[in-house]
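Okay, so here's the structure we're looking at.
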Amino acid sequence: MTAYPPRGTVLAATGAMVIASAFVAAATLSAKALGQGVGGIEMHPLQVSAGRFLFAFIAVATAAMVLRPSFKGTPIRLHAARTCFGWSGVSCMFAASAVMPLSDATAISFLNPIFTMLLAGFMLGERVRALQWLGIVIALSGAMVLIQPGGDTFQPMGLVALIAAVLLGLEVVLIKRLSNNNEPAIRILLINNGIGTVLACAAAIPVWQTPPLAQLWIWAAVGLTMVSGQVIFIWVMKRAPASLMTPVFYSTLVFAALYDWLLFAVVPGLLAIGGASLIVAGLLLPTLWTKADPVPPDANDRSADGGGRQ
């Protein structure tokens, strides 16, 4: 079983995950603006995704030119599988959102932390504790309050959104596995966004429209804010269990409501405030009260002689 880190590490990882959520919400906001034609054309979601990967890849490739990471021993199959799961999950979300109400599709997709917790137990050997289940139920309740899904959620296309949740859960588990293998963050980001750029740009060819220069800034913002969230997400995955940190990602909904208020003067009602409060309570519950696993008495002796047996 994966050992739990000290409480201070968990709290630091939780704070970092909240910041990552803020970046992801900003990327979603930028994508929404593009879809509504802000600054130019009404951009198709597949073209938005192409920009998300392309500009992220440009930023990471620029950093890689300075850091010059080695690719010796790269688990390319694991990288490719992670990218395919992520891209397929996003594609399923686009397909479901195009047919069913966006709020319903989003509500189903936010089940992915549950799948992450289940898969982390089977694939990573992580212990999923009762307090984590309680926290995710509380956070999921808050998400439902914020999204307010309608009565037609479980229509046939709802199964596609459910598949998206499973695929995105698998992606998180593979990110954690890469992190556990001490895979450098720059290599994770470079390979993921490189493969993603090829897939996303190929898928966007049939719907391509050339955006005006003024709209390129918003398009670039989608990729740059998303890759910023990725950097922090990977940092978190290297320091805390995926099953414990994934529910914190519900705070993305809180930031989305905050951005709506700041940028579009959409004042949150009592339901929105209540939903946000439930999300915060749910994500804080396991991180504040989950204790670190006890350190064996001879741990210091093993570390002194170079780590001892593994």
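The values are calculated or read from the model by the stated rules, or taken from the named source; none is laboratory data. It should be emphasised that the depicted structure is a prediction, and the values quoted were computed from it without experimental measurement. Here the Cβ is made from the backbone with ideal geometry for all residues, glycine too, and neighbour counts use every protein chain on show. These area figures cover heavy atoms from the full protein model, side chains too; ligands, DNA and RNA do not enter into them. Shrake-Rupley method; radii C 1.70, N 1.55, O 1.52, S 1.80 Å.
The residues listed here are Ile234, Ile205; of these, the one that is touching a Ser or Thr at 6+ places or on another chain (Cβ under 7 Å) and modelled with pLDDT of 70 or more is Ile234. Regarding Arg68, is this residue of a type in the set (Lys, Arg) and at pLDDT 85 or above? When the stated conditions are applied, Arg68 passes them. Scoring Lys32 on the criteria (1) in a helix (DSSP H, G or I); (2) of a type outside the set (A, V, I, L, M, F, W, C); (3) at pLDDT 85 or above leaves a single failure, condition (3). Is there a residue being open to solvent by 30 Å² or more (accessible area, probe 1.4 Å), outside any helix (DSSP H, G or I), at pLDDT below 75 and among the acidic types (Asp, Glu) anywhere in region 258-268? No; the residues of region 258-268 include none that is open to solvent by 30 Å² or more (accessible area, probe 1.4 Å), outside any helix (DSSP H, G or I), at pLDDT below 75 and among the acidic types (Asp, Glu).
Scanning region 19-38 for residues being among the polar types (S, T, N, Q), under 12 Å from Arg52 (Cα atoms) and surrounded by 21 or more Cβ atoms within 10 Å (Cβ to Cβ) gives a total of 1. When residues in region 228-250 are screened for being open to solvent by less than 10 Å² (accessible area, probe 1.4 Å) and out of contact with any Asp or Glu (no Cβ under 7 Å at 6 or more places or on another chain), 11 of them pass.
Among the residues of region 175-218, those identified as hydrophobic (A, V, I, L, M, F, W, C), farther than 14 Å from Trp235 by Cβ and buried (at least 23 other Cβ atoms within 10 Å of the Cβ) are Ile191, Ala200.
When Phe115 is tested against (1) touching a Gly at 6+ places or on another chain (Cβ under 8 Å); (2) open to solvent by less than 20 Å² (accessible area, probe 1.4 Å); (3) at pLDDT below 70; (4) of a type in the set (A, V, I, L, M, F, W, C), just one condition goes unmet, and that condition is (2).
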